[in-house]
């Protein structure tokens, strides 16, 4: 045991025997553990604490837990917390709160704070054990999302039946007027009626697809992402050229993934079209930089080695504000002008990725661009 003198003048004996079973239990715990003196000054943080919050041991020691305050909880919250810990009949606190990591990200945790005492019963300091519950929040969000989709499916099924018949009548009568009329103004007005009728039909079909999924199961096969990406760039050459956007494919062209060709094409097409739209915004910070969209194919470094590939669709457009990032996969959420988007493209793309056994997420910096990352099972080289 070696005495550790805090800035408050207290001496705390910390066991430096790295082979001690108690030290190893704390050091190797998967939960974030911090120990402070009785004044709240941190005297120990375990590796999991450093991993979760991003601070090194040298950055943390000597600080107080205020280092992690996110502003989500008000001062009254902490006063009540310490009143409970200081209450002899209770002597501890356990609950959920949101801390802030070094990089600014918010970390929801289940935190337990317990005083540790001398043999005489004097409080020497406090131990906090935090369990990262981000996964639970994500699971709850997924359940809410699935419930929302189920509700949408029920509503749209009835809507498709109720709207489909009168919409068909409207379209039929409009086509009849178009054939009968020789008046240019009337014919152009009828064309607007037809186009908007078709738009309503597409929205209903998109909603049905989003809520129910495709009628056919995904047919997974070995697909070259580089080849598909080049085809999409060729198909969108018109919009790319008119928006002065350069699109290119980078990465390992030999990589193949298990995917449904039609589904993957639809997802990539939608992401590239969205990227082009982001270029047309006036919110780009580096307006002098060439407008670029990059489709990058590479092994997924954050996944289990050798099992997954990552397809990135990166642009240097207007970016997405942080408060909007969590909304972009919600049905009907769109930042495009009325008539330019339905807010269904990204939710459908995410669902298509899930049907192929993959995943999709996004990172963005306002004014600098957005990167969508798609992950799919990698085809082993021997199977190519």
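The values are calculated or read from the model by the stated rules, or taken from the named source; none is laboratory data. Quantities reported herein were computed from a predicted structural model and do not represent experimental measurements. Here Cβ is always computed from backbone atoms with ideal geometry, including for glycine, and neighbour counts include all displayed protein chains.
List pairs: first residue in segment 281-299 and at pLDDT below 85, second residue in a strand (DSSP E or B) anywhere in the structure, Cβ distance under 7 angstrom, at least six positions apart or on different chains.
290/246
Anything in segment 18-71 that is in contact with a helix residue (DSSP H, G or I) (Cβ under 8 Å, 6 or more places away or on another chain) and at positive phi? List them, or say none.
Of everything in segment 18-71, just one residue is in contact with a helix residue (DSSP H, G or I) (Cβ under 8 Å, 6 or more places away or on another chain) and at positive phi, namely 40.
If you scan segment 93-110, which residues turn out to be over 16 Å from the mean Cα position of the chain (by Cα), in contact (Cβ under 8 Å) with a residue 40 or more places away in the chain and part of a strand (DSSP E or B)?
Result: 99, 109.
Can you pull out the residues in segment 347-357 that are touching a helix residue (DSSP H, G or I) at 6+ places or on another chain (Cβ under 9 Å) and not in a helix (DSSP H, G or I)?
Once the filter is applied, which keeps residues that are touching a helix residue (DSSP H, G or I) at 6+ places or on another chain (Cβ under 9 Å) and not in a helix (DSSP H, G or I), segment 347-357 yields only 356.
Name the one entry in 90, 149 that is under 30 Å from residue 39 (Cα atoms) and either at pLDDT below 90 or in a helix (DSSP H, G or I) (or both). Step through it out loud before you land on a result.
Working: 149 fails: under 30 Å from residue 39 (Cα atoms).
Selected residue: 90, the only one of 90, 149 that is under 30 Å from residue 39 (Cα atoms) and either at pLDDT below 90 or in a helix (DSSP H, G or I) (or both).
Starting from residues that are outside any strand (DSSP E or B) and more than 15 Å from the chain's Cα centre (by Cα), keep the ones in segment 307-325 and report whichever is surrounded by the fewest Cβ atoms within 10 Å (Cβ to Cβ).
Checked segment 307-325; the qualifying residue surrounded by the fewest Cβ atoms within 10 Å (Cβ to Cβ) is 307.
One residue is enough: does segment 40-48 have a residue meeting the conditions within 29 Å of the chain's Cα centre (by Cα), under 17 Å from residue 129 (Cβ atoms) and in a helix (DSSP H, G or I)?
Within segment 40-48 (the criterion being within 29 Å of the chain's Cα centre (by Cα), under 17 Å from residue 129 (Cβ atoms) and in a helix (DSSP H, G or I)), the answer is yes, since at least one residue qualifies.
Taking residue 373 as meeting all but one of (1) closer than 23 Å to residue 104 by Cα; (2) part of a loop (DSSP other than H, G, I, E, B); (3) at pLDDT 80 or above, write down the number of the exception.
Answer for residue 373: the failing condition is (2).
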